[in-house]
Amino acid sequence: MYLHLGQDVIVRQADVIGIFDLDNASSSHITREFLKRADRKSQVRLVAEDIPKSLVLVSEGEDTAVYLSQLSTATLQKRSVGIGFES
């Protein structure tokens with residue numbers, strides 16, 4: 001099954017590592033450093049026309065992609081219900 005992240009981007013549900021609220025996650029210096037490193041490795045993918053609200057970690061083989069989506073974590077959670085995620 002697949003999860004639609006917005007902007008015509010879908011990822012395999014089995015590859016999703018986690019979905020995080022960007023406001024809460026970015027308040028941590030550890031998360032900010034993680035995002036800087038991911039950006040330097042070209043692993044960050046913006047999936048938003050507006051300010052991103054969520055961060056979705058996705059396994060891509062041996063690497064990890066970081067999708068920044070304008071959809072809220074609640075919206076992504078609702079979309080994931082029924083495809084293997086627990087509520």
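Rule-based calculations on the coordinates, nothing more; no lab input. Keep in mind the model is a prediction, meaning the values are calculated, not measured. Please note: Cβ atoms are built from the backbone with ideal geometry, for glycine as well, and neighbour counts cover all protein chains shown.
Observations on the structure shown:
- Average projection area in nm² (convex hull over Cα atoms of the range 2-80, one quarter of hull surface): 5.0
- Entry note, the chain: the mean residue ellipticity at 222 nm calculated from DSSP H runs of n ≥ 4, each adding -39500 (n - 2.57), is -7500 deg cm²/dmol after division by the residues and rounding to the nearest 500.
- The charge dipole of the chain, taken about its Cα centre with unit charges on the Cβ atoms of Lys, Arg (+1), Asp and Glu (-1) only, comes to about 100 debye.
- J(HN,Hα) series, the range 52-57, from Karplus relation 6.51 cos²θ - 1.76 cosθ + 1.60, nearest Hz, glycine and proline x: x, 10, 9, 10, 10, 8
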